[in-house]
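S.K.: First the structure, which I've put down as structure tokens, then a few questions once you've had a look.
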Amino acid sequence: MDPSIVGTQHEDPPVRWGRDDAILYALGVGAGSADPCAELEYTTENTPDRPQVALPSFPLALGGNPIELLGDVALAQVLHAAQSVRLPGPFPVAGAATCRTRVDAVHDKGRDALVRMSSALVDLASGATLAETSTVMYILGGGGFGGERGPSPRVAEPDRAPDRVVEVATRPEQALLYRLSGDRNPLHSDPRAAAAAGFPRPVLHGLCTFGIVCRTLLAGADAAAFERMTARFAAPVVPGETITVRAWDEGDGTVFDAWVGSRRVLADGGFGLHRDGE
């Protein structure tokens, strides 16, 4: 891995989305799957008294973190290690924006490397920032260049029972639906690609798991109140498995993790809503 990529930037071509795109994304992360009459604000555009809103994790499907910034790295070397998203306000159900991405750091993990990127989704008309994201990529075989290892931040689990434990079933075809929101990596659809990567069958997109847990943590709250969410990807989910979300409500937000049986799939999770007046 070439550490000189730190500071390089990339601006995506403009991306445009409409109400149907926001609905398709919501369906892809399971909105309405437990009860089609619930979550209609995410899954319909014409329900009386339920104006359509976008899920706060939707901007993660709209671009950013281009692999070309990584230099001479093959897609098979890249693992999605962690993700965060922050919204200054409600995310629009339709709009046009450009995504500006910067490489913030490259860390030498010995055999492998870790790359941190930050992105801003900027409204084309007003220039306002609609969403800010941070992505951590683990590059297999990219280490050994003599750089610093960098920090390994961890979120301490509160020393008490979770305030909430919620089980969320995923569907066998979940990845096939989620991929329609933009991530067509065959790892999530083609059994041969999954086998080549060491998986017995296609796995769920990490960002789909992220979106499912985001929905779960909102727990009926107004999506407009969402401020931030972050998590580390600890293990993949196989479509059809049930995710158990554990959440601890703290003074400045929520600490969470997510499991499939005894396998932790999301770790070091943080979730927060805007405080009144902010």
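The values are calculated or read from the model by the stated rules, or taken from the named source; none is laboratory data. Because the structure is predicted, anything quoted here is derived from the model rather than measured. Neighbour counts run over all protein chains shown; Cβ positions are idealised from the backbone, glycine included.
S.K.: Any residue at all in the stretch 57-71 that's touching a residue at least 60 places away in the same chain (Cβ under 8 Å), within 18 Å of residue 141 (Cα to Cα) and of a type in the set (A, V, I, L, M, F, W, C)?
M.R.: Yes.
S.K.: Could we say that residue 4 is outside any loop (DSSP other than H, G, I, E, B), among the polar types (S, T, N, Q) and within 28 Å of residue 242 (Cβ to Cβ) here? Give the derivation first.
M.R.: Numbers: outside any loop (DSSP other than H, G, I, E, B): yes; among the polar types (S, T, N, Q): yes; within 28 Å of residue 242 (Cβ to Cβ): no.
No; evaluated as a whole, the condition is false for this residue.
S.K.: Could you check the stretch 52-61 and list, in sequence order, the residues that are crowded, with 23+ Cβ neighbours inside 10 Å and either over 14 Å from residue 83 (Cα atoms) or over 12 Å from the mean Cα position of the chain (by Cα) (or both)?
M.R.: Passing the criteria: 54, 55.
S.K.: Let me ask something else. Would you point out which residue out of 149, 111 is part of a loop (DSSP other than H, G, I, E, B), surrounded by fewer than 16 Cβ atoms within 10 Å (Cβ to Cβ) and in contact with a Lys or Arg (Cβ under 7 Å, 6 or more places away or on another chain)?
M.R.: 149
S.K.: Quick one: which helices (runs of 4 or more DSSP H) lie wholly within the stretch 169-247 and hold at least 3 residues that are loosely packed, with under 15 Cβ neighbours inside 10 Å, over 15 Å from the mean Cα position of the chain (by Cα) and free of Cβ contacts under 8 Å to residues at least 40 places away in the same chain?
M.R.: On the way: elements: 174-178, 191-196, 206-218.
The helices (runs of 4 or more DSSP H) meeting that bar are 191-196.
S.K.: Within the stretch 2-22, how many residues are of a type in the set (S, T, N, Q) and in contact (Cβ under 8 Å) with a residue 60 or more places away in the chain? Walk me through it before giving the result.
M.R.: So the first thing to find is which residues in the stretch 2-22 are of a type in the set (S, T, N, Q), and the list is 4, 8-9.
Now restrict to residues that are in contact (Cβ under 8 Å) with a residue 60 or more places away in the chain: 8-9.
Number satisfying all stated conditions: 2.
S.K.: Right, here's the next one. Only one of 131, 97, 125 is closer than 26 Å to residue 224 by Cα, over 18 Å from the mean Cα position of the chain (by Cα), not acidic (Asp, Glu) and not in a loop (DSSP other than H, G, I, E, B). Can you tell me which?
M.R.: 97
S.K.: Here are the criteria: (1) without any contact (Cβ under 8 Å) to a residue 40 or more places away in the chain; (2) assigned to a loop (DSSP other than H, G, I, E, B); (3) of a type in the set (Lys, Arg); (4) farther than 30 Å from residue 93 by Cα. Tell me which single one residue 160 does not satisfy.
M.R.: (1)
S.K.: Among the residues of the stretch 138-145, is there at least one that is in a strand (DSSP E or B), within 21 Å of the chain's Cα centre (by Cα) and touching a residue at least 60 places away in the same chain (Cβ under 8 Å)?
M.R.: yes
S.K.: Which number in (1) at pLDDT below 95; (2) surrounded by 14 or more Cβ atoms within 10 Å (Cβ to Cβ) marks the one condition that residue 164 misses?
M.R.: (1)
S.K.: Now for a different question. Which of (1) within 16 Å of residue 30 (Cβ to Cβ); (2) surrounded by fewer than 23 Cβ atoms within 10 Å (Cβ to Cβ); (3) in contact with an Asp or Glu (Cβ under 8 Å, 6 or more places away or on another chain) does residue 268 not meet, given it meets every other one?
M.R.: Among (1) within 16 Å of residue 30 (Cβ to Cβ); (2) surrounded by fewer than 23 Cβ atoms within 10 Å (Cβ to Cβ); (3) in contact with an Asp or Glu (Cβ under 8 Å, 6 or more places away or on another chain), the lone unmet condition for residue 268 is (1).
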